[in-house]
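Have a look at the structure below, then the notes.
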Amino acid sequence: MISFRDLGIADQRALLQEASRGGYAVPAFNFVFMEQLLSIVDACIERRSPFILQSSSNTCKNLGIAYIRALAAASAERIKQETGSAMMALNLDHGLNYEECVQCVDNGFSAVMIDGSMLPFEENAALTKRVVDYAHRYGVAVEGELGAIPGTEAEEEHGNVGVSSCYTDPALAQSFVEETKIDCLAVSIGTSHGLVKIRPDKNGNLPDLRFDILAEIERRLPGFPVVLHGSSCIYPEYVRMINANGGSLECVQGIPEESVRRASRTNVCKINVASDGWIAAFAATRKALAENTAAIDPRIFLRPARKAMKDLYIRKIDTIMGSAGKGEQSG
Ligand code: 13P
Ligand code: ZN
């Protein structure tokens, strides 16, 4: 058993409580490869933003839990040296089962998400509660999910499309939180994973997020941290860059930046970003490869990819999350 505290990793509950009090959101950035991890840390150190480093269940399998633990510990050490704070939590994103969550708790994660959203309410609550009972023994935070957020990481990897959402029922959310004792709840309010997040209505207007659901959850659970998944903006400039350099991304539609920014000022205290990081990396990589057709050194595309991702994460911190400078108080 290796505690997150021994690795200098921050307590996610404390980061979200601060965000709840301060009216901002903590960015939760998913990483799948080394340059992405470095760019996340670069950006958050520069902006002094608290953040949650996220590894999906797939990434835990691809890299192996020992690498994730060591990479997170090295990141925490660098952050402490450069900022004097412990402002990085480590979270398992979309944990699939109890065993996976236990493995992460035992390997220095300060938070785990158990995604039982596809199960009937009682089964989801029972599974989530089992994870909470284990994780809380070690001070590890648990995120549950209620109301399905469409699209999975596997679909996302293949650029698949998935839209229609099953909105979270605020009354059920209240029962779920009370029964399970989770620390934060992922809700479905109109966002989705993947490249097509929302579709225009018959008049051609994009539907807004369901801020009424957020408000009702806040009324029932005052101060309780809510999590927003599937909220990448799919910025047109990166899509254009991808397509100008041999890509073929078509009919994509992200969540407008202003909607996510507005959500960050509500009871939403954690906002997950995966796809926008991938798109920034792809745009820079395709451009670098197109401009250097005879190159064989991977740094030809890794350097611009790291820079593009860092710029993207800084943009998220500054224009959406409102979290710049908030890491100074952490740990
Ligand atoms: P995006 O695909 O919109 O970035 O969502 C990421 C996410 O929810 C990871 O859990
Ligand atoms: Zn998600």
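The values are calculated or read from the model by the stated rules, or taken from the named source; none is laboratory data. Predicted, not measured: the structure shown is a model, and the values here were computed from it. Neighbour counts are summed over all protein chains in view; Cβ atoms, including those assigned to glycine, are modelled from backbone coordinates with ideal geometry.
Okay, here's what the table says:
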read-out	value
Meets criteria (within 16 Å of ligand 1 (Cβ to nearest atom) and under 19 Å from Gly116 (Cα atoms)) for Val196	no
Any hit, the range 304-311, residues being out of contact with any strand residue (DSSP E or B) (no Cβ under 8 Å at 6 or more places or on another chain), over 25 Å from Gly230 (Cα atoms), assigned to a helix (DSSP H, G or I) and away from ligand 2 (no atom under 16 Å from the Cβ)	yes
Test: residue in the range 247-268 that is buried (at least 19 other Cβ atoms within 10 Å of the Cβ), more than 14 Å from ligand 1 (Cβ to nearest atom) and farther than 30 Å from Arg13 by Cβ	no
From the options Arg220, Arg240, residue that is among the basic types (Lys, Arg), without any contact (Cβ under 8 Å) to a residue 60 or more places away in the chain and in contact with a helix residue (DSSP H, G or I) (Cβ under 8 Å, 6 or more places away or on another chain)	Arg220
Hey, Gly151 within 16 Å of ligand 2 (Cβ to nearest atom), among the small types (Gly, Ala, Ser), at pLDDT below 95 and within 18 Å of Val187 (Cβ to Cβ) or not	yes
Of all residues making up the range 59-77, the number that are buried (at least 16 other Cβ atoms within 10 Å of the Cβ) and charged (D, E, K, R)	1
Options Ala73, Ala43: the member that is under 18 Å from Asp106 (Cβ atoms), part of a helix (DSSP H, G or I) and among the small types (Gly, Ala, Ser)	Ala73
Per-region count, the range 164-210, residues within 24 Å of Asp93 (Cβ to Cβ), at pLDDT 95 or above and hydrophobic (A, V, I, L, M, F, W, C)	11
Selected residue (criterion: farthest from Tyr167 (Cα to Cα)) from residues of the range 113-144 that are without any contact (Cβ under 8 Å) to a residue 60 or more places away in the chain and assigned to a strand (DSSP E or B)	Val142
Given (1) free of Cβ contacts under 8 Å to residues at least 12 places away in the same chain; (2) under 22 Å from Val260 (Cβ atoms), number of the condition Ala70 does not satisfy	(2)
Lone qualifier among Ala324, Ala295 - being in a loop (DSSP other than H, G, I, E, B), away from ligand 1 (no atom under 16 Å from the Cβ) and over 22 Å from the mean Cα position of the chain (by Cα)	Ala295
Selection from the range 93-127 of residues that are crowded, with 22+ Cβ neighbours inside 10 Å and aromatic (Phe, Trp, Tyr)	Phe109
Residue tally, condition of a type in the set (S, T, N, Q) and farther than 20 Å from His229 by Cβ, over the range 96-146	2
Criterion: of a type outside the set (Phe, Trp, Tyr) and in contact with a His (Cβ under 7 Å, 6 or more places away or on another chain) - qualifying residue of Ser20, Ser56	Ser56
Cys233 being under 30 Å from Arg210 (Cβ atoms) and modelled with pLDDT under 95	no
Residue count, the range 79-112 (criterion: farther than 19 Å from Ile2 by Cα, in a helix (DSSP H, G or I) and touching a helix residue (DSSP H, G or I) at 6+ places or on another chain (Cβ under 8 Å))	3
Members of the range 243-265 found to be outside any helix (DSSP H, G or I) and touching a residue at least 40 places away in the same chain (Cβ under 8 Å), listed by number	Asn245, Gly246, Leu249, Cys251, Val252, Gln253, Gly254, Ile255, Pro256, Arg265
Lys316 in a helix (DSSP H, G or I), away from ligand 1 (no atom under 16 Å from the Cβ) and among the basic types (Lys, Arg)	no
Residues (free of Cβ contacts under 8 Å to residues at least 40 places away in the same chain and either out of contact with any strand residue (DSSP E or B) (no Cβ under 8 Å at 6 or more places or on another chain) or surrounded by 24 or more Cβ atoms within 10 Å (Cβ to Cβ) (or both)) located in the range 33-53	Phe33, Met34, Ile45, Leu53
